[in-house]
Amino acid sequence: MNEIIFAQSFSFNQCRINHSSHTDARAGKHAHYLAYMRTGFGHLAGEDRIIDVKPGDFFYIPSACPYQSWWRGEDIVIWDSYAFQYFPKPDGDIYYPMQIIPPTDDAHEILEKLSANMHISVSSIGLFYQLLGSLQKNMVIAPESRKHAIVSSAENYMYQHTGFLAADVARHCGVSESGLYAAFREVRGYPPSQAKHRLKIERAIQLLTSTDLPIESISEQLGFSSSIYFRKIFSEQTGKTPREIRKERRL
């Protein structure tokens, strides 16, 4: 695997917001998220699951899961967020749904080592998978629909191949192009051709909140023709400017 792509498959950061906030992720996100609530409370509502998160809770949000979240607290709301692309899928037509994960005996010890160094490195990635492997023992599973599995596989492919054609994605997923479009229409509400910008903007948010790279550099790295076009697409997708997102996530 390309080392740059692998490194970009992770984003570790501590999220801080003042008092309350709402996140609309009904379009789903390309990454899996493992998180730990430090202060404040979270209410996350997915298509078929609702979880209420309190301080001291580990929680998980799977890739491609449509959800909305509400965060509140008397002062600053803080949670550790670990976004990652690669998570071995359980055998069979099952997956790990959005959930609160009961901690294992060594989870907090591993977490504190990891949270002390959120810079992406061999060491931090190793600690992260050590934490995930420990918590995985206590995670629940659920049946996975065929169309959700197709979309997840397609988005993983598109994330790593910027110059893809729909036929390439369909072949990778083992379906026809019409089957690929049908899966996206049902799960995402838009065709696979629109997924490319969404995935790029999701990666842009990760870079904005976890690095100090200039916006122009992020635009160039993600393959946009200009920073002006990047800002236009970013605002269309998020309703905010890149600077607003960077400021909001770093309170």
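Being of a type in the set (Val, Ile, Thr), farther than 26 Å from HIS119 by Cα, open to solvent by less than 70 Å² (accessible area, probe 1.4 Å) and not in a loop (DSSP other than H, G, I, E, B): is that true of ILE233 here? Considered against the rule, which asks whether it is of a type in the set (Val, Ile, Thr), farther than 26 Å from HIS119 by Cα, open to solvent by less than 70 Å² (accessible area, probe 1.4 Å) and not in a loop (DSSP other than H, G, I, E, B), ILE233 comes out as yes.
Yes/no per residue for (1) touching a strand residue (DSSP E or B) at 6+ places or on another chain (Cβ under 8 Å); (2) part of a loop (DSSP other than H, G, I, E, B):
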position: THR104; (1), (2): no, yes
position: ILE110; (1), (2): no, no
position: ILE120; (1), (2): yes, yes
position: SER123; (1), (2): no, no
position: PHE128; (1), (2): yes, no
position: LEU131; (1), (2): yes, no
position: MET139; (1), (2): yes, yes
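Among the residues of region 45-64, which ones are hydrophobic (A, V, I, L, M, F, W, C), surrounded by 15 or more Cβ atoms within 10 Å (Cβ to Cβ) and closer than 17 Å to VAL140 by Cα?
To start, the set of residues in region 45-64 that are hydrophobic (A, V, I, L, M, F, W, C) comprises 45, 50-51, 53, 58-59, 61, 64.
Next, only the ones that are surrounded by 15 or more Cβ atoms within 10 Å (Cβ to Cβ) stay: 45, 51, 53, 58-59, 61, 64.
ILE51, VAL53, PHE58, PHE59, ILE61, listed by residue number.
Residues of region 143-189 that are outside any helix (DSSP H, G or I), among the small types (Gly, Ala, Ser) and either open to solvent by less than 40 Å² (accessible area, probe 1.4 Å) or farther than 24 Å from ARG26 by Cα (or both): GLY163, GLY174, SER176. Take the conditions (1) in contact with a strand residue (DSSP E or B) (Cβ under 6 Å, 6 or more places away or on another chain); (2) over 19 Å from GLU202 (Cα atoms); (3) surrounded by 19 or more Cβ atoms within 10 Å (Cβ to Cβ); TYR67 misses just one of them, which is (2). Sort out which residues of region 30-86 are among the hydroxyl-bearing types (Ser, Thr, Tyr) and part of a strand (DSSP E or B), and write them in order of number. Listed by number, the residues that qualify are TYR33, TYR36, THR39, TYR60, TYR67, SER69, SER81, TYR82. Scanning region 1-44 for residues being within 14 Å of the chain's Cα centre (by Cα), of a type in the set (A, V, I, L, M, F, W, C) and either at pLDDT below 90 or open to solvent by 80 Å² or more (accessible area, probe 1.4 Å) (or both) gives a total of 4.
The values are calculated or read from the model by the stated rules, or taken from the named source; none is laboratory data. This structure is a prediction, so every number in the text was calculated from the model and none was measured. So basically every Cβ, Gly included, is an ideal-geometry build from the backbone, and we count neighbours across all protein chains shown. Just so you know, the surface numbers come from the protein's heavy atoms only, side chains and all, with ligands and any DNA or RNA stripped out. Shrake-Rupley method; radii C 1.70, N 1.55, O 1.52, S 1.80 Å.
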